[in-house]
Amino acid sequence: MEITEPMKILVINAGSSSIKYQLFDMQTEQALAAGLVERINEPNSRIKHRLLDGHHAGETVLDMPIENHHQGLSQVARLLMDDTVGVIRQPDEIDAVGHRAVHGGETFNQTSVIDEAVKKKMRALIPLAPLHNPANITGIEVAEQIFPKAVQVAVFDTAFHQTMPPAAYRYALPDELYQHHGIRAYGFHGTSHLYVSKVAADYLGQPANKTNLITAHLGNGCSICAVQGGQSVDTSMGLTPLAGLIMGTRSGDIDPGVLLFLQRKLNLSVDEADRLLNKKSGLQGICGLNDVRDIQNQQAEGNQSAELALEMYGYRIKKYIGAYLAVLGQVDGLIFTAGVGENSAYIRNLACRGLAPLGIELDRAKNEANSTGIREIQTESSRVKILVIPTNEELEIARQTWSTIRGGHYYE
Ligand code: ADP
């Protein structure tokens, strides 16, 4: 991608009570500033802002009442234009705003320039993501007011997975539930899976459309994806980001009969079931902690439930790796990314344990070596390369925003 004119893109990830942002100069693909508005309309709201130009270390923290997203983003704009910690002089210097949008349903298989019709379609998708899509739409409306000259672009978490075939995305439920209510697997973390799969293909020196990968995004949320020739053909998350791998506080796959049982036995309400599966399960449910670092420390001290939680977490990843080896047939690389995937040698080891006969063999010393950046951690004899690749969802959103405003279609 060669850019000849200055181009600044602000990436926004608006949640129900937070706005994360990063400003990129697309000539260099450098992030110039980044930050977070948190606890909007709650006590102790604040903004953390950092300049990333290499000259100004440190963070500006503003504790102030922030009643709504408009106030939050106005403060971000003010900080971005500040004489000391800012990087622009006026809002018009921002050419485009790239919005992380969670659920694009089957409507959006591409990154889209936002207009009234796109917003209407996003509103129609609210039933599929009742917590996330309204916040994303608020973020868009506020950005339109504060950066009126910027092109607004929506980058959907689900879009990358729209290439999955029906055999992978349909549920064995009555057909009308799919036809009338869109009940199917959509998959999430698409920007991360796409970003690391492109980086991996580059690193391996192969064209993306001839590279088969299994990408494991292990953060607070976790998902794994089978990528065939650059396209997602299966992924572990489903209608919602609750399915698949065990996560910090989310159950991942369970027998759906568990819910029926609990409804009958304990009169579990919808809200209680939601809280149970999204907030009280996963690692948290098993051992009372959700941060993998803390759990590893507990395990090292002999805590049995911490040990079990990690064993279950690693075993689930391994099962999915096996499944996606079967889906893809031939695999060039297994990629670990996000907080846990990039940093936990312990989990990578559990996830690959016993897979040597299937061509996946971790080198213990390389796995445990302390380093950042892209690295190979398989043995000489491993048929599949095992790579650790730091993800960068914000840069991916900025790149897609840039290419989309030039009329490019981003996904194959
Ligand atoms: P998010 O999904 O919110 O973006 P991250 O990708 O930052 O989250 O991942 C957060 C997870 O990464 C936490 O569970 C944390 O325990 C884990 N993590 C971060 N650093 C390490 C580390 N050095 N060892 C083990 N786990 C780590």
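The values are calculated or read from the model by the stated rules, or taken from the named source; none is laboratory data. Just so we're clear, the structure is a prediction, and the values are computed from it rather than from any experiment. Glycine gets a Cβ as well: all are built from the backbone with ideal geometry, and neighbour counts include every protein chain shown. With ligands, DNA and RNA removed, areas are computed over all heavy atoms of the protein, side chains included. Shrake-Rupley method; radii C 1.70, N 1.55, O 1.52, S 1.80 Å.
Can you name the condition, by its number, that Thr138 falls short on among (1) more than 16 Å from the chain's Cα centre (by Cα); (2) outside the structural domain of Val384 (by TED's automatic domain parsing); (3) open to solvent by less than 30 Å² (accessible area, probe 1.4 Å); (4) farther than 30 Å from Arg293 by Cα?
Against the list (1) more than 16 Å from the chain's Cα centre (by Cα); (2) outside the structural domain of Val384 (by TED's automatic domain parsing); (3) open to solvent by less than 30 Å² (accessible area, probe 1.4 Å); (4) farther than 30 Å from Arg293 by Cα, Thr138 comes up short only on (3).
The rows are residues; the columns are (1) of a type in the set (A, V, I, L, M, F, W, C); (2) within 12 Å of the ligand (Cβ to nearest atom).
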| residue | (1), (2) |
| --- | --- |
| Val327 | yes, no |
| Gly339 | no, yes |
| Ala345 | yes, yes |
| Ala351 | yes, no |
| Pro357 | no, no |
| Lys366 | no, no |
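Do we find a residue being within 16 Å of the ligand (Cβ to nearest atom) and open to solvent by less than 10 Å² (accessible area, probe 1.4 Å) anywhere in region 199-212?
No.
Could we say that Ser269 is assigned by TED's automatic domain parsing to the domain that holds Gly339, loosely packed, with under 14 Cβ neighbours inside 10 Å and hydroxyl-bearing (Ser, Thr, Tyr) here?
yes
Looking only at residues in region 272-285 that are away from the ligand (no atom under 14 Å from the Cβ) and of a type in the set (A, V, I, L, M, F, W, C), which one is surrounded by the most Cβ atoms within 10 Å (Cβ to Cβ)?
Leu277
Which of the residues belonging to region 100-128 are touching a residue at least 60 places away in the same chain (Cβ under 8 Å), small (Gly, Ala, Ser) and open to solvent by 10 Å² or more (accessible area, probe 1.4 Å)?
The answer is Ser112, and nothing else.
Which of the residues spanning region 327-360 are charged (D, E, K, R) and within 23 Å of Met312 (Cβ to Cβ)?
Glu342, Arg348, Arg353
Got at least one residue in region 66-75 being open to solvent by less than 60 Å² (accessible area, probe 1.4 Å) and touching a Leu at 6+ places or on another chain (Cβ under 9 Å)?
yes
Take the residues in region 162-188 that are within 21 Å of the chain's Cα centre (by Cα) and under 19 Å from Pro127 (Cα atoms), then tell me which one is surrounded by the fewest Cβ atoms within 10 Å (Cβ to Cβ).
Arg184
Among the numbered criteria (1) in contact (Cβ under 8 Å) with a residue 60 or more places away in the chain; (2) among the hydrophobic types (A, V, I, L, M, F, W, C); (3) open to solvent by 50 Å² or more (accessible area, probe 1.4 Å), which one does Met81 miss?
The one condition Met81 does not meet is (1).
Need at least 2 residues that are in contact (Cβ under 8 Å) with a residue 24 or more places away in the chain and over 27 Å from Ala345 (Cβ atoms) per element, so show me which strands (runs of 3 or more DSSP E) inside region 159-265 make the cut, counting only ones lying wholly within it.
231-235
Name the residues in region 289-306 that are within 14 Å of the ligand (Cβ to nearest atom) and in a loop (DSSP other than H, G, I, E, B), would you?
The answer is Leu289, Asn290, Asp291.
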